[in-house]
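The values are calculated or read from the model by the stated rules, or taken from the named source; none is laboratory data. Keep in mind that what you see is a predicted model, and the values were worked out from it rather than measured. Cβ placement follows ideal geometry from the backbone for every residue including glycine, while neighbour counts extend to all protein chains displayed. For the accessible areas, the whole protein counts, side chains as well, though only heavy atoms, and no ligand, DNA or RNA atoms are used. Shrake-Rupley method; radii C 1.70, N 1.55, O 1.52, S 1.80 Å.
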Amino acid sequence: MLIEEGLEVFGVDAAPSFVAAFQQNLPGTPVVCESVLESSFFDRKFDAVLSIGLMFLLKAEEQRRLIQRFADALVPGGHLLFTAPAEPHIWTDVMTGLESTSLGAEEYRGQLAAVGLSVAGEYEDEGQNHYFDALKTGQNA
């Protein structure tokens with residue numbers, strides 16, 4: 001949908017199978033198979049960053065570091081949209097079998113504010129996925 005709207009899209013995923021599916025579905029669209037925590041894509045600036053189904057798969061400290069990386073990669077006025085449960089808890093992710101951690105909405109809001117991102121909204125979809133929509137404020141945030 002983003003490409004159909006004429007937006008420039010980049011993909012990052014550590015799973016080779018997801019990268020292969022991305023390449024098959026979106027041929028010619030840049031994608032790298034590497035950890036988002038170390039990705040060279042974050043050496044540039046973006047108008048928006050989408051992180052769906054990833055944040056909670058990382059350890060708590062990695063989530064905090066990733067929020068900072070996202071903020072650093074956004075232009076002023078840029079948006080970050082990510083999913084993570086609103087309640088803090090730890091569980092085993094059904095799809096990956098990995099231990100998953102939600103820091104909880106209160107801590108996510110605090111982490112976002114600490115790196116110059118303000119929460120523009122929070123949403124739940126029909127699958128009970130919780131979305132955080134944050135906006136980069138200020139020129140030097």
*Test set (1) assigned to a loop (DSSP other than H, G, I, E, B); (2) touching a residue at least 12 places away in the same chain (Cβ under 8 Å) - Gly28 fails condition number*: (2)
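Listed here are the residues, each with its yes/no results for (1) touching a strand residue (DSSP E or B) at 6+ places or on another chain (Cβ under 7 Å); (2) among the hydroxyl-bearing types (Ser, Thr, Tyr); (3) within 17 Å of Ala14 (Cβ to Cβ).
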position: Glu62; (1), (2), (3): no, no, yes
position: Ile67; (1), (2), (3): no, no, no
position: Ala71; (1), (2), (3): yes, no, no
position: Leu74; (1), (2), (3): yes, no, no
position: Glu87; (1), (2), (3): yes, no, no
*Residues of the stretch 73-96 being in contact with a helix residue (DSSP H, G or I) (Cβ under 8 Å, 6 or more places away or on another chain) and within 22 Å of Gly116 (Cα to Cα), which ones?*
Ala73, Leu80, Phe82, Thr83, Ala84, Pro85, Ala86
_Filter result for Ser39 (out of contact with any Ser or Thr (no Cβ under 6 Å at 6 or more places or on another chain), surrounded by 14 or more Cβ atoms within 10 Å (Cβ to Cβ), modelled with pLDDT under 95 and among the polar types (S, T, N, Q))_ = yes
*asked:* Regarding the stretch 90-100, can at least one residue be identified that is of a type in the set (A, V, I, L, M, F, W, C), open to solvent by 40 Å² or more (accessible area, probe 1.4 Å) and under 13 Å from Asp133 (Cα atoms)?
replied: no
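Looking at the structure I just gave you, is Leu26 of a type in the set (A, V, I, L, M), open to solvent by less than 40 Å² (accessible area, probe 1.4 Å) and either at pLDDT 95 or above or out of contact with any Leu (no Cβ under 8 Å at 6 or more places or on another chain) (or both)? Before you say what the answer is, go through the steps one by one.
Working: of a type in the set (A, V, I, L, M): yes; open to solvent by less than 40 Å² (accessible area, probe 1.4 Å): no; either at pLDDT 95 or above or out of contact with any Leu (no Cβ under 8 Å at 6 or more places or on another chain) (or both): yes.
Judged against the criteria, Leu26 is not a match.
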*Looking for whichever is surrounded by fewer than 17 Cβ atoms within 10 Å (Cβ to Cβ) and touching a Leu at 6+ places or on another chain (Cβ under 6 Å) here; the options are Leu57, Leu2, Leu50. Which one fits?*
Leu50
